[in-house]
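Here is the structure we will look at.
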Amino acid sequence: MPLTPGRYFEENMALFAALLRSEGLLLGTAELLDALQSLRHIDIADRASFKTALRATLVKNERDLEIFDRSFERFFVPQAAQERQFRETTRLREERESRLAEAAEELSFKGEPLPLSTEEMLLYTSLNDDQRRNLQRFVQETEAAERESQPLRPLLETVVKGHLRYWHSRREQLSAEEGNGRGEGGGEGGVTRRSADRNRRLRESDIRMLREPDLPKARALLDRLSRQLLRRLVYQRQRSATRGALDFRRTMRANMRFGGRPFLLKHRRRRRSQLQLLLLGDLSASMKRYSSFVLQFFYGLQTVVTNLEMFSFADTLEYLTPALREQGGLDQVLERVVLQGQSWGGGTNIGAALTELREGYSEMLTHRTVVIVVSDTRTVQLDRALPALQKLRERVRRVLWLNPLPPEQWPLYRSVQAFGEIAEMWPCNTIAQLEEAVAGRLFAATTYLDQEVEKDDQTYRHRR
Amino acid sequence: MEVELAQLRRGFDDVGYICDESALLTVYLALRLQKPLLIEGAPGVGKTELGKTLAQVLRTELIRLQCYEGLDETKALYEWNYQRQLLRIQIDCLLEGDRLAEDDLFSLSYLLERPLLKAIRAPERRVLLIDEIDKCDPEFEAFLLEVLSDFQISIPELGTLHAETIPAVVLTSNNERELSDGLKRRCLYLYFSFPDVLRESRIIRTRVPEVGERFAVEIARVIAHIRSLEELRKKPSIAETLDWARALVALDKKRVDGALVDDTLNLLLKNRQDQLLFHRQIGREGVEQLLQQPAGLGEDRECR
């Protein structure tokens, strides 16, 4: 360890903390003090204990564990390795100096080195022999052509510098191409980091662009998210059991037997009336994969959101819920729709689908219904679709539109803007956005409507 | 009552809680620095168990606060015993004695202690286990932050109650949501991953001594193999491993084979999808194959 005794120790620790911070860890002085304090209780010469103590006090996050491990190995280098490293850097430095001297000697004009920067000189020495000779010859020829005064010198400098600049840019270009070719495999770090990265990548990549091998993983991720959300919804329901404000009427009534002394406090019960969710998934060719993802996500929620109806549409409307109930398993149902429905993959007609929905299933459209349309808004007969959506909008509580197009493309489509004026349009082209739209915005506020019901009032009125 | 590291290690061994050296050291540091210990990890890796074990090792009472959404101060901290206060007023009205002072009504005898207050007011150090902290609301977390940083509780009618002794606090989280930085900052951090084959077989041997050494390793290998299926909804926990081991002992088995795993899969995977996944990706043959390979090839790495 590069721990020089005495006060340097604290400095070293502060340096290590700075390194961790530069790697993105949130790390305050308090943590650093904790770390120093913890070291008083362990055998500091034992590398494993030392590392554990620092890790327990400085890292607060699973993600950061790996960063910590890597930084630790880089910073606290064992003695032998440290010496090796030191020899290596010394060697590199000496080599660099000799190269600079060499460059200065070879590129001198009348015994005076050309005024090149250090980078330029290093670049020169890293060129291959032919290129170097070319430059040298050029310098020598210019020198020979030179007469008494030095009018050629500025010209020479410019040419040499320009030459070196050319090689420099050429090299950068090459290394960039190489970098691209290396692809994903280049990163270091173990299995776990890669799997965490993959999950993050999956969450943030465009659902429509997912590659075939990623699909099972993406589905698993989606499944996990919908179960997490589900758990939250269950808790939300439990939470609704906690009491509301004091109900004076019921309190007084309950305490009549105590002579009106309020021993038992009665609280208002909150009754939550559930919303009806109606999902409308666009299954046209361009939307097929995306919609099946979204449908799967909602299908996972079915156990808690009991009143969930699912429809799919392309040129006609398909009612999916009964099939889902009978056969269970979204995959089979979607497969059947593919095989049977002529609608699958055809031209999208949102207007027709919405009209059919309004006419055929009007009992599902109430003031408690939230309609969620999953579509990229591309449709035939846009002019008919707009009034259909408007009419639907008037029947139900809300119309949400999950749009897989990235928001920067929205202004390009007239249909997005037109639909967006009637329905709430949410961007939703990655799994992360889908989760945010559903968990963060839809369920956070509206799945259950809080209604403080004064039950007694109603019975009272009744009796009268 | 200061604990030494060796003492702690012996205590954990005696109780039969097998953990690696760095976990032990972290627990030790949390005790020495008197800081809460936050443990994260997948469900079923022994987070809660660590809290319970700690109470056993320190020979003290375990005070447990199970978090859930909607948990509030009245359930976690204290509540005034309203009925008793009212009764007292009633009695005072009937007896024509000294007038009742208001202070008397808001004294400790009318206070219902909930876990947090109980842990703080205990005359000697207790172990306070705050389980599944990620399930409580952010507001409650903020409130907890205050309690855990100062170990004091302000009750408006009564004043501030300071901790007599600072309890050993263990918080567990399943990572269902990110905890606030403030809370994390107050805690030492420990991440539990599933144990490797060697450690898990030791756990099995300790908890289910009837299992032979070779049998335990086989069980642990099969479990590790099942856990390596990344798409599982729920990976088998250590408790489930132990249940399975006990079941195998009850069935009078001495070796693991493919058919046996197949027949007793219900004990490990409690979900239809997961079972199907097992059949698809591992199945009887996969188990047989695994057991025919020599132990310790590539499966020793800890899986998450």
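Here are some pairs, A:Lys60/A:Lys288; A:Lys60/B:Lys235; A:Lys217/A:Lys391; B:Lys118/B:Lys184; A:Lys266/B:Lys234; A:Lys51/B:Lys235; which of them have Cα atoms lying more than 31 Å apart in this structure?
Exceeds cut-off: A:Lys60/A:Lys288; A:Lys217/A:Lys391; A:Lys266/B:Lys234.
Direction-averaged shadow area of the convex hull around the Cα atoms of region B:16-113, nm²?
Numbers: hull surface 40.6 nm².
Here the figure is 10.2 nm², rounded to one decimal.
Please give the average number of partner chain Cβ atoms lying within 10 Å of the Cβ of each residue in B:186-199, rounded to a whole number.
3
Given H placed on each backbone N at 1.01 Å, which residues far from A:Ile372 in sequence or on other chains put an amide H within less than 5 Å of it?
A:Leu278, A:Leu279, A:Leu280, A:Leu400
With a Förster radius of 30 Å, plug the Cβ-Cβ distance of B:Asp263 and B:Glu213 into 1/(1 + (r/R0)^6) and report the FRET value to the nearest 0.05.
It comes to 0.80.
Determine ³J(HN,Hα), in whole Hz, for all residues of region B:221-237 in sequence, where each value follows from phi through the Karplus function 6.51 cos²θ - 1.76 cosθ + 1.60 and θ = phi - 60°; x replaces Gly and Pro.
So the J values, rounded to whole Hz, are 5, 4, 4, 4, 5, 5, 5, 6, 6, 6, 8, 4, 6, 9, 6, x, 7.
So for A:Trp426, A:Trp401, B:Trp80, fewest C-beta neighbours within 10 Å to most, what's the order?
Values: A:Trp426 19, A:Trp401 22, B:Trp80 16.
The fewest-first ordering by Cβ neighbours comes to B:Trp80, A:Trp426, A:Trp401.
Cβ under 12 Å from B:Pro236's Cβ, B:Pro236 left aside: what net charge do those residues give with Lys, Arg +1 and Asp, Glu -1?
Local charge sum for B:Pro236: +1.
Write down Rg/Rh for region B:188-276, rounded to two decimals, with Rg from the C-alpha atoms and Rh from the Kirkwood relation over Cα pairs.
Using only Cα positions, Rg/Rh for region B:188-276 is 0.97.
Give, as a single signed number, the net charge of other residues whose beta carbon lies under 15 Å from the beta carbon of A:Glu31, with Lys and Arg counted +1 and Asp and Glu -1.
+2
Does anyone have the angle between helix B:272-281 and the longest principal axis of chain B? Alpha-carbon axes, 0 to 90°, nearest 10?
30 degrees
Can you tell me the dipole magnitude for chain B around its Cα centre, using point charges on the Cβ only (Lys, Arg +1; Asp, Glu -1), in Debye to the nearest 20? Present the calculation step by step, with values, prior to reporting the outcome.
Details: 42 positive and 53 negative charges, 220 e Å.
Computed about the Cα centre, the dipole is about 1060 debye.
Which residue fluctuates the most in chain B, going by a Gaussian network model with Cα springs under 10 Å, if the choices are B:Arg233, B:Arg88, B:Arg214?
So, out of B:Arg233, B:Arg88, B:Arg214, the one fluctuating most is B:Arg88.
Apply the a/c threshold of 1.5 to the C-alpha gyration tensor of region A:8-76 and tell me whether it is rounded, prolate or oblate.
Rounded, because the longest to shortest axis ratio a/c is under 1.5.
Which ³J(HN,Hα) values in Hz, rounded to whole numbers, follow from the phi angles of region A:20-26 under the Karplus curve 6.51 cos²θ - 1.76 cosθ + 1.60, where θ = phi - 60° and Gly and Pro get x?
Per residue, the Karplus-derived 3J(HN,Hα) values read 4, 4, 5, 8, x, 7, 7 Hz.
What's the Cα-based Rg to Rh of region A:81-173, Rh via Kirkwood?
On the way: Rg = 15.8 Å, Rh = 14.6 Å.
Reported Rg/Rh, Kirkwood definition of Rh: 1.08.
Could you line up A:Asp64, B:Asp196 from fewest to most neighbouring Cβ atoms inside 10 Å? Mind showing how you got there, number by number?
Values: A:Asp64 21, B:Asp196 17.
Going from least to most buried by this count: B:Asp196, A:Asp64.
What list of ³J(HN,Hα) couplings, whole Hz, do you get for region B:112-126 from phi and the Karplus terms 6.51, -1.76, 1.60, once you set θ to phi - 60° and write x for glycine and proline?
Values per residue, Gly and Pro as x: 8, 7, 9, x, 4, 5, 4, 5, 6, 8, 5, x, 10, 5, 10 Hz.
Quick one: Debye curve from the alpha-carbon atoms of chain B only, equal weights, vacuum; give me log10 I(q)/I(0) at q = 0.07, 0.15 Å⁻¹ to two decimals.
Per q value, in the given order, log10 I(q)/I(0) is -0.38, -1.14.
Taking R0 as 41 Å, what's the FRET efficiency between A:Trp167 and A:Glu23 from their Cβ-Cβ distance, rounded to 0.05?
Result of the calculation: an efficiency of 0.75.
Below 8 Å, C-alpha to C-alpha, sequence gap of six or more: please give me the relative contact order for chain B in percent.
Once divided by the residue count of chain B, the mean separation gives 22 percent.
Sorting B:Ser154, B:Ser237 on the 10 Å Cβ count, fewest up front, what's the list?
B:Ser154, B:Ser237
Check which residues have an amide H placed less than 5 Å from A:His267's amide H, if you skip close sequence neighbours.
Residues meeting the amide H criterion: A:Asp247.
In region A:88-169, which trypsin sites (Lys or Arg not before Pro) fall in coil by DSSP and have 16 or fewer other Cβ atoms within 10 Å?
A:Lys110, A:Arg147
For the pair A:Asp214 and B:Arg88, how long in nm is the line joining their label points, each one 7 Å along Cα→Cβ?
6.5 nm
Modelled label-to-label distance, A:Met252 and A:Arg201, 7 Å Cα→beta-carbon offset: nm?
Placing both labels 7 Å along Cα→Cβ, they lie 6.9 nm apart.
No lab work stands behind these numbers, since they all come straight from the coordinates. As the structure is a prediction and not an experimental result, all values here were calculated from the model. Reconstructed Cβ throughout: ideal geometry from the backbone, glycine too, with neighbour counts over all protein chains shown.
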